[in-house]
Amino acid sequence: MSSKTKVKKIKGKKKEKNLDLRWVFGLFSWVMAVCCDLEVDVNGEETFMVDKKLISSYSRRLSKLFSKSTVSERNFKLIFNDFPGGAESFELMSRFFYNKGKIDITPYNISLLHCASQFMEMNISVSGTQNMLEQIEKSLQEINDWTWSELLITIKQCQGLSPSTNSLAIVEKCVDSIIGRIALSSESSSCLSTSSPDSSSIRFSCDTRSTVSLKSSMSRATWWFEDLSVLSPDLIEMVVKSLVSQKFDHAIIVRFLFYYQKSKFYTTTSDEKQKIVKTVIDMLYILDWNSVLCKRLFGILRVALSLNISKYSRNKLESMIGSQMDQATLDNLLIPSPHGMAYLYDINLVLRLLKSFLCDGNSQVTSLRLKKVAMLMDLYIAEVAPDPYLKPSKFLALVMALPDCARDSYDEIYRATDIYLQVHAGLSEEEKMEIYGVLNCVKLSVEACMHLSQNKKFSSKSAVQALKSQQLKLKSLLQGTNNSKCFGGSPSSLGEMGGKGMTNEASEQIVLCTGKLELSTECEKLRAHLQGMQCRVMELEEICRKMQTQMTKIMKSRVSSHNNARSLPKLCS
């Protein structure tokens, strides 16, 4: 046989093979045309050819649709733009149709099957078998036998579906099972044993990563943080509310929320960060506020302000911070002003926090807490006073935000006022008078009064008022000494009042006030009056000392008499 003949025969075989393929393809096309008479476009992802009669027998939705349709049975095309789970979900559902209503339902596909069956209204039973929805409900009854990883896979698959897929029922069952295991693990001493986490009644995880993480890097209380941090904010809200309803430790929930925020911020967009922060704030708000550190709240506040969160969420956060204002520090309060504001720091924010502190839980604002906040505010006012853009109205609002009883001394306020007047030299007389009026001169020390009386930035009226306040304090001291003389007292109390205690302090105040002040004529009169009071204090001091000596002698006499009486023999009865 020649080579040409061989070539011809080979070519003939190829032609025969091509004819066979065409025949098979044609036969397949004919079968498809006869048996698969419905073309389904699923969300533009993929097109499926299915048996219209078969799929209608399981789907009430399609059954109703085709019964009303007047379109020819051939070349019928169905387009879905919002099929839940997309092409993957439709393919799973098709297997159910072509397997006579039977399918292996697992934690890996139950979410997709559930949302597809809900969408297609697959509550029709065919040939005595359970419909899709009934089979899914039966599988969900065994959810307590699922592993920790299977629960996470299912719930993550649910969150990937659109909110309109009716997957809430599966999500709730998964969350309930997850919360039950977390709560039980916190009570069980055997939850961290070396045995497999899936071998006991508490099923944690079947993958190596979670098991290692559970046993090594995380404590018993926080082993679940990393696994749940992959959930969406909506699911986190559901988880936290379930934990709260189970009376779970609020301090642990707080730690989880901050862990969640930090872990999610690395890979999310600005809009997603805003939703995460909102969820964290909303969940912190329903917890015990005392379980949240003030420092942490200020940290999330700075993040929230940078993301421009809603006023509603911001008010919640400010209420929480305001309730713990006595735990704040100066650095916490030094938050830059919002964009567009001229002044350096956000004064309005601090004023709102003070308002929350005074209004929310007013019965819990003790005198000690109030004084701590006043000390903090004195530091803050001194810090913002040099700001050239700080308006007098804002300065006054800061000083007057707390009641007068919150401060034992106004020395720091005086120093801040002095700085403010120095920086804002162009204030009107009316504005200056308003600022002078915030000082409670009665609560100024002698040194502060001396400085004020010589301070040219303050009016002479303010200087006179300061001196008069010192005069009133001296009168109060003298009145106290006179009361001791008139009404008596123990030797120790007389000694304290007549010795180096109150009288020496009063004398020192008088010397300071009368020896170093050079003011107007009215001030000179006050100085002369103070000198007279000094002499009177000296006289009273001497009287107190004499009374103390006399009382000491009397007490010694009584003690001696008592000892003599005890030494006498008892009379015989």
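The values are calculated or read from the model by the stated rules, or taken from the named source; none is laboratory data. These numbers come from a predicted model, not from an experiment. Note that each Cβ is placed from the backbone with ideal geometry, even for glycine, and that neighbours are counted across all protein chains shown.
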Which one of these does Asn109 not meet: (1) of a type outside the set (Gly, Ala, Ser); (2) surrounded by fewer than 17 Cβ atoms within 10 Å (Cβ to Cβ); (3) free of Cβ contacts under 8 Å to residues at least 24 places away in the same chain?
(2)
How many of the residues in segment 412-441 are modelled with pLDDT of 95 or more and among the aromatic types (Phe, Trp, Tyr)?
1
Here's a check for you: in segment 309-357, which residue that is of a type in the set (D, E, K, R) and out of contact with any Phe, Trp or Tyr (no Cβ under 8 Å at 6 or more places or on another chain) is farthest from Leu368 (Cα to Cα)?
Lys311
Given the options Tyr343, Tyr389, name the one that is among the hydroxyl-bearing types (Ser, Thr, Tyr), surrounded by fewer than 16 Cβ atoms within 10 Å (Cβ to Cβ) and not in a helix (DSSP H, G or I).
Tyr389
Inspect all residues belonging to segment 391-410 and state whether any of them is of a type in the set (S, T, N, Q) and free of Cβ contacts under 8 Å to residues at least 12 places away in the same chain.
yes
Would you mind telling me which numbered condition in (1) more than 20 Å from Thr329 (Cα to Cα); (2) within 27 Å of the chain's Cα centre (by Cα); (3) of a type in the set (Asp, Glu) Glu383 fails?
(1)
Note on segment 24-53: residues of a type outside the set (Asp, Glu), at pLDDT 90 or above and not in a strand (DSSP E or B) are Asn43, Gly44
Please tell me if Val350 is over 30 Å from Asp411 (Cβ atoms) and in contact (Cβ under 8 Å) with a residue 12 or more places away in the chain.
no
